[in-house]
Amino acid sequence: MKDLLLLMVQGTYTTLRIFFLTLIFSLPLGLVVAKGRMSKNKILSEAVNIYIMIMRGTPLILQLIFVYFAPYYIFGASADRFTAVIIAYSINYAAYYAEIYRGGIQSIPEGQLEAAKVLGFTKWHTFTHITMPQVVKRIMPAMGNEVITLVKDTALAQTIGVAELFRVAQNAAAREFSTLPIFVAGVFYFVMNAVVSKSFEVIEHKLDYYR
Amino acid sequence: MAIIEVGNIRKSFSSLEVLKGISFSLNEGEVLSIIGPSGSGKSTLLRCITNLEQIDSGSIIIGGKTMVSTNSSNQAIYADKHTLATIGLKVGLVFQNFNLFPHFSVERNITEALVHVLRLSKSEAQEQAIELLQKMGLEDKIKAYPYQLSGGQQQRVSIARALALRPDVLCFDEPTSALDPELTGEILAVIKELAQEKMTMMVVTHEMAFARDISNRVIFMDQGVIVEEGTPEDVFVKTTNRRTKKFLNRFNQ
């Protein structure tokens, strides 16, 4: 049992690395994608729209396999498995985040942007100091959903052979002819997501100082 | 001296022509009210002067600087970005819906432009905010957030925010239309006080008694044209114009 837990903690470490690296890359990338989607340049916004449609319209597991194997067939070499996971997850999640950002950005009343313009703020200052702080507050509930889904989606990384938590648990289950490790893994995921939920609750509470 | 000179401006939204050749000037220390039915183009005119809308043709000169002029092929040519920014700071605008920044305290709503646009130090900006809020009778609300204030208080903060940049002219776009009759009075009193201090102002309003009371000059607009222009007495009392009479009658009923 002690060995099992040790293995699962190692698996959890991989899971958490996937989770945090994906967030670090996809959160800013999503904002860039959202800006592209809202661009007045029709070609750019349509191209970004197609990207979002592909990312949201096909299974993540398929995208993962594609990112890992496609370079092999085209260039004769693949990125290492872990890197492929981070790339696939980041571009997939960026598409979802982009649409959440877009909803948030478009919900900021036009009048505030006009007030900012009349006061002489630059577009950049308006975006970073007027729009985004309010967007963050408004998108928190939707972001919470996506981040929780990401915790669970890390389990797909095993498809291309990354030994994250769920793979470790499955291996242990096969070795010991018991489903117990799978359920222990379930508890691990639950605890991770409890932390995520609580974090979002804390942030939302901190942003409660205005309406 | 004319602070604003508007020459024959035209503005269309797709096929609808909203301003059909508007000309007027606004002199220093003058209070100009613009009245007229909804859809007459009053607010659009104000938005063109504050550069929130771009005109199709005509000219706007503010403080002697040309914001926009028209070339020989009848196209509006705007000044460069830098000039527009300089001109923009001379013209303040108070909105119907206040448009305060809800995530900023009252203080920061006022100081943000002072610090980031005029590059004042935080303490200088804060001093000015306090001074302006005292003038508005809101010094105790400096740390409050907009949602904690009444509509009238929010509008007073937005007037303070506009005044902070020390504009040469302050424009009001129906400043009391979103307020209860009770709160309307407190805003009108503030504008009246500014008028007594010889602040140059342009007020788009539906408050006829107020327009009559504070203005040096009144413009009556209808369907994108200036129908009548003159002293309050000219427009409200002595008018012989049929359209002006018809409009004013509706208010007197």
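The values are calculated or read from the model by the stated rules, or taken from the named source; none is laboratory data. As the structure is a prediction and not an experimental result, all values here were calculated from the model. Note that we place each Cβ from the backbone using ideal geometry, even for glycine, and neighbour counts take in every protein chain shown. Areas reflect the complete protein model, heavy atoms only, side chains present, ligands, DNA and RNA absent. Shrake-Rupley method; radii C 1.70, N 1.55, O 1.52, S 1.80 Å.
Give region A:133-148 a look and list any residue that's open to solvent by 20 Å² or more (accessible area, probe 1.4 Å), among the hydrophobic types (A, V, I, L, M, F, W, C) and more than 10 Å from every other protein chain (Cβ to nearest Cβ), or say none.
The answer is A:MET140, A:ALA142, A:ILE148.
For region B:83-124, taking the residues that are of a type in the set (Ser, Thr, Tyr) and free of Cβ contacts under 8 Å to residues at least 24 places away in the same chain, the one that is least open to solvent (accessible area, probe 1.4 Å) is identified as B:THR83.
If you take the residues of region B:58-79 that are in a strand (DSSP E or B) and small (Gly, Ala, Ser), which of them is surrounded by the fewest Cβ atoms within 10 Å (Cβ to Cβ)? Filtering first and then ranking leaves B:SER69. Just to verify a result, which residue in region B:125-135, among those that are closer than 24 Å to B:ALA178 by Cβ and open to solvent by 10 Å² or more (accessible area, probe 1.4 Å), is nearest to the other protein chains (Cβ to nearest Cβ)? Selected residue: B:LEU132. For region A:177-199, state whether one or more residues are within 14 Å of another protein chain (Cβ to nearest Cβ) and either among the β-branched types (Val, Ile, Thr) or touching a residue at least 24 places away in the same chain (Cβ under 8 Å) (or both). No, because not a single residue in region A:177-199 is within 14 Å of another protein chain (Cβ to nearest Cβ) and either among the β-branched types (Val, Ile, Thr) or touching a residue at least 24 places away in the same chain (Cβ under 8 Å) (or both).
When A:GLU164, A:GLU201 are checked against the criterion of being among the acidic types (Asp, Glu) and open to solvent by 20 Å² or more (accessible area, probe 1.4 Å), A:GLU201 stands alone in meeting it. Please determine whether any residue of region A:10-21 is farther than 21 Å from A:TYR189 by Cβ and out of contact with any helix residue (DSSP H, G or I) (no Cβ under 6 Å at 6 or more places or on another chain). No, region A:10-21 contains no residue that is farther than 21 Å from A:TYR189 by Cβ and out of contact with any helix residue (DSSP H, G or I) (no Cβ under 6 Å at 6 or more places or on another chain). Of the candidates B:VAL106, B:VAL117, the single residue that is of a type in the set (Val, Ile, Thr) and either touching a helix residue (DSSP H, G or I) at 6+ places or on another chain (Cβ under 6 Å) or more than 18 Å from B:THR50 (Cβ to Cβ) (or both) is B:VAL106. Are there any pairs, at least 6 apart or on different chains, whose C-beta atoms fall under 6 Å, with the first in region A:41-60 and free of Cβ contacts under 8 Å to residues at least 12 places away in the same chain and the second open to solvent by 50 Å² or more (accessible area, probe 1.4 Å), and if so, which? Here the result reads A:SER45/A:ARG37, each pair linking region A:41-60 to a residue that is open to solvent by 50 Å² or more (accessible area, probe 1.4 Å). Here the condition is being open to solvent by less than 50 Å² (accessible area, probe 1.4 Å), touching a residue at least 60 places away in the same chain (Cβ under 8 Å) and of a type in the set (A, V, I, L, M, F, W, C); of B:LEU32, B:LEU52, it holds for B:LEU32 alone. Screening region B:212-253 for residues that are of a type in the set (Ser, Thr, Tyr) and over 26 Å from B:SER12 (Cα atoms) and picking the one that is surrounded by the most Cβ atoms within 10 Å (Cβ to Cβ) gives B:SER215. Counting only residues that are farther than 20 Å from B:ILE159 by Cβ and within 14 Å of chain A (Cβ to nearest Cβ), how many does region B:79-96 have? Within region B:79-96, residues that are farther than 20 Å from B:ILE159 by Cβ and within 14 Å of chain A (Cβ to nearest Cβ) number 7.
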